Amino acid sequence: MRANSETQMKQTSLLAARWFWLVVIGVVVVAGVGWISVSRSLVGSGSTAAAGGQLEPAPVAGHPAPDFELQTPTGEAIRLSDHFGRPVIVNFWATWCGPCRAEFPEFQRAAVDNADTLYILGVNSTSADQADAVPAFLDEFGITFPVVLDKAGEVVDAYHVLGLPTTVFIDSSGKINEVFTGPLNKAYIESKIEELQAGS
């Protein structure tokens, strides 16, 4: 008799445990479906889109490039959006950055070779560099394309720059084609320029 009652108790506790876990799994599934529905409605509501379905400026491929205005070492103001209408390359760099030094001559060649169809802009991460070191750096490499100083680091932040160099390729309509972190070689720069110019 006692064996029967122990067997019944085990079966009852197993049954209770199964029901418990079925209820837990059911609650998790319902919560998950609810979360997915809410997430989709937030994304669908245009949290990243402006009025009229336009994407907000963001450092992401397909989004309009965040606009900015900075000054050159000589004090000339340059606004990024003034140069839309042709492809633009924005290169974030610093004088102490070895890979930046390695790729800068390639950007200079590209700027000269594509002067009529491409705009290259160097953005010195001056908040992590020394502004007075920039002119000597530019002279050393014979840089003729414009370079601006991001003294407050606001543009570096706006473009979510995590490392130097970082290069942003922008099409002629002002939309970001690619954000590349790390050094670039001549072949890659040339292939991106061809891609951007083909889409113009």
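The values are calculated or read from the model by the stated rules, or taken from the named source; none is laboratory data. From a predicted model like this one, the values you see are computed outputs, not experimental measurements. Here the Cβ is made from the backbone with ideal geometry for all residues, glycine too, and neighbour counts use every protein chain on show. SASA here: full protein model, heavy atoms, side chains in, ligands and nucleic acids out. Shrake-Rupley method; radii C 1.70, N 1.55, O 1.52, S 1.80 Å.
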Practice problem: Output the number of residues of the range 81-107 satisfying the condition of being in a loop (DSSP other than H, G, I, E, B), under 13 Å from Leu118 (Cα atoms) and open to solvent by less than 10 Å² (accessible area, probe 1.4 Å). | Solution: 1
Quiz item: Where residues in the range 140-155 are of a type outside the set (D, E, K, R) and part of a helix (DSSP H, G or I), which of them is farthest from the chain's Cα centre (by Cα)?
Solution: Phe141
Exercise. Looking only at the range 148-188, count how many residues are hydroxyl-bearing (Ser, Thr, Tyr) and open to solvent by less than 20 Å² (accessible area, probe 1.4 Å).
Key: 3
Practice problem: Scan the range 108-125 for residues that are β-branched (Val, Ile, Thr) and surrounded by fewer than 20 Cβ atoms within 10 Å (Cβ to Cβ) and jot them down. | Solution: Val112, Thr117
Practice problem: Quickly run through the range 119-139 and pick out the residues that are among the hydroxyl-bearing types (Ser, Thr, Tyr) and outside any strand (DSSP E or B). | Solution: Ser125, Thr126, Ser127
